[in-house]
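Please treat every number below as a calculation from the coordinates, not as lab data. In this text, all values refer to a predicted model and were calculated from it rather than measured experimentally. Cβ sites come from the backbone with ideal geometry, for glycine too, and all protein chains shown count toward neighbours.
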Amino acid sequence: MRTQFSTELERTREQVAVTQERAEATERRALREIDQERTLRQKAEQAVADLRTELAAVQARAQDAAVAGAEARARLQAERDTLSRRLAEAEQALGRGQAAQDELRAQLETAVRRAERADAEATATRRLVGAKRRAPATRTKFKPGPA
């Protein structure tokens with residue numbers, strides 16, 4: 001029985017040794033996996049940090065572009081308002097100029113009519129004077145009356 005017990009003990013020791021080797025191999029594999037996961041986690045954390053930095057830079061550029069766009073829009077709106085005001089002033093000046101031109105045209109037409117009337121009157125007067133000069137003078141005989 002002793003032999004059988006020794007054999008059994010030896011077999012159990014071998015099984016324990018094999019089990020221990022398997023456990024150590026499993027432990028090494030688990031430690032490797034843990035180390036790989038830790039490395040992957042560190043890489044992921046670094047990638048997240050890099051992405052956050054890139055996101056902040058992109059947001060800053062987008063904000064700068066938005067500010068520049070807003071400034072340009074404000075500048076263009078101010079220019080549009082100035083040009084609109086100048087256009088309104090020019091249209092008013094044009095209207096005033098048109099009214100002044102219409103008034104001057106009316107005055108010119110009145111002056112032309114007066115000149116035409118004066119010219120017609122002068123022509124008529126010249127004809128009348130010319131006709132009197134050409135007409136023979138009629139002589140009346142002088143009769144002495146009772147004195």
> Angle between the Cα long axis of helix 2-134 and the longest principal axis of the chain, 0 to 90 degrees, nearest 10?
Replying inline: 0 degrees
>> Can you find, among SER6, ALA49, ALA30, the residue sitting farthest towards the positive end of the charge dipole of region 1-71, where Lys and Arg contribute +1 and Asp and Glu -1 at Cβ?
In response: SER6
>> To check my understanding: the extent here is largest minus smallest coordinate of the Cα atoms along each principal axis. What are those three numbers for the chain, in Å, largest first?
In response: 216, 19, 17
> Just how large is the dipole of region 1-92 about the Cα centre, in debye to the nearest 20, putting +1 at every Lys and Arg Cβ and -1 at every Asp and Glu Cβ?
Replying inline: 100 debye
